[in-house]
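One structure is given here, and the rest of the page talks about it.
The values are calculated or read from the model by the stated rules, or taken from the named source; none is laboratory data. These figures come from a predicted structure and were not determined experimentally. Here the Cβ positions follow ideal geometry from the backbone for every residue, glycine too, while neighbour counts run over all protein chains shown. These accessible areas exclude ligands, DNA and RNA; they are computed on the full protein's heavy atoms, side chains included. Shrake-Rupley method; radii C 1.70, N 1.55, O 1.52, S 1.80 Å.
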Amino acid sequence: MSIIAAGGAGAALTSLTGGDEVKANELTTEEQAATVIPAARAFAGQHSPKPLPFDPAKLKGLSEKLLKSHWENNYSGAVKALNVVEQRLASMLTEKDLPPYLYGDVKREELVRTGSVVLHENYFANLGGDGKASGKALDLIKQWFGSYEQWEAEFKKTANALGGGSGWTILSYNLHTGEVHNYWAWDHMHNAPLGYPLLVLDMYEHAYHMDYGAAAAKYVDAFMQNVNWDEVNRRVEEMRVRK
Ligand SMILES: [Fe+2]
């Protein structure tokens with residue numbers, strides 16, 4: 001039996017995968033938990049890595065070896081970990097006498113791994129271009145930062161503030177405030193609430209150490225030369241539809 005949705009007392013529980021249907025009042029609460037959770041999409045753990053959207057041998061100042069290692073070990077590793085975490089959450093939900101703090105540990109991992117997957121996918125997708133800002137993204141930057149040069153200086157300053165440590169620098173349109181900012185993010189769980197990422201820069205050491213050692217600023221310069229502004233413009237359009 002595979003059941004994924006429950007209504008109020010006495011409501012029908014309906015399977016979205018097998019067509020089974022059971023009246024809730026025929027099951028105890030524990031029986032409902034044991035049957036409802038494992039089939040739920042939220043705990044499926046079936047994410048797959050997205051392929052690199054560019055030829056890693058052709059970027060300027062970022063080696064193929066570095067980019068492949070980053071994709072294979074860090075990004076794909078996060079996808080696999082997210083799958084494990086989701087499935088572990090499902091099994092823990094039916095575990096009797098589980099201390100809440102242990103469940104909390106895995107919920108934290110769910111947030112960490114989700115952040116890593118989403119931000120890495122945005123990062124790789126906004127690489128592979130010629131680094132020349134254009135279109136509505138450039139208009140937005142000028143509107144909020146005065147000029148491209150002022151924006152780039154602040155974006156780099158924010159990134160370099162994370163050098164030697166970890167985190168992300170995110171040019172973001174905030175869907176709540178309606179403002180555009182370069183946000184500082186210390187880890188995968190940091191993103192301004194309702195910040196819609198337009199340009200994402202990975203500042204974890206694994207993103208540059210192989211090529212630049214501790215010289216994070218040189219990596220930031222190389223990143224800027226490879227920004228795919230067509231993708232940034234696509235996100236600006238996507239954001240306009242969503243807001
Ligand atoms: Fe990374």
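Could you please tell me which pairs satisfy a Cβ distance under 7 Å, a separation of 6+ or placement on different chains, a first residue in the range 172-194 that is on the phi > 0 side of the Ramachandran plot, and a second residue that is assigned to a strand (DSSP E or B)?
Here the result reads L194/N174, each pair linking the range 172-194 to a residue that is assigned to a strand (DSSP E or B).
Please count how many residues of the range 195-217 are more than 12 Å from the ligand (Cβ to nearest atom), without any contact (Cβ under 8 Å) to a residue 12 or more places away in the chain and in a helix (DSSP H, G or I).
1
Are any residues in the range 141-159 part of a helix (DSSP H, G or I) and open to solvent by 20 Å² or more (accessible area, probe 1.4 Å), and if so, which ones?
Matches in the range 141-159: K142, Q143, W144, F145, Y148, E149, Q150, E152, A153, E154, K156, K157.
Tell me which residues, restricted to the range 160-193, are among the polar types (S, T, N, Q) and not in a strand (DSSP E or B).
N160, S166, T177, N191
So G45 passes all but one of these: (1) modelled with pLDDT of 95 or more; (2) open to solvent by less than 30 Å² (accessible area, probe 1.4 Å). Which condition number does it fail?
Single failed check for G45: (1).
Hey, any hits in the range 125-139 for a residue that's more than 14 Å from A222 (Cα to Cα) and within 16 Å of the ligand (Cβ to nearest atom)?
Within the range 125-139 (the criterion being more than 14 Å from A222 (Cα to Cα) and within 16 Å of the ligand (Cβ to nearest atom)), the answer is yes, since at least one residue qualifies.
Is it the case, given these coordinates, that N182 is at pLDDT below 95 and either more than 12 Å from the ligand (Cβ to nearest atom) or of a type in the set (S, T, N, Q) (or both)?
For N182, the condition - at pLDDT below 95 and either more than 12 Å from the ligand (Cβ to nearest atom) or of a type in the set (S, T, N, Q) (or both) - is not met.
So which residues in the range 74-119 are open to solvent by 60 Å² or more (accessible area, probe 1.4 Å) and in a loop (DSSP other than H, G, I, E, B), if there are any at all?
Answer for the range 74-119, where residues must be open to solvent by 60 Å² or more (accessible area, probe 1.4 Å) and in a loop (DSSP other than H, G, I, E, B): T94, E95, K96, D97.
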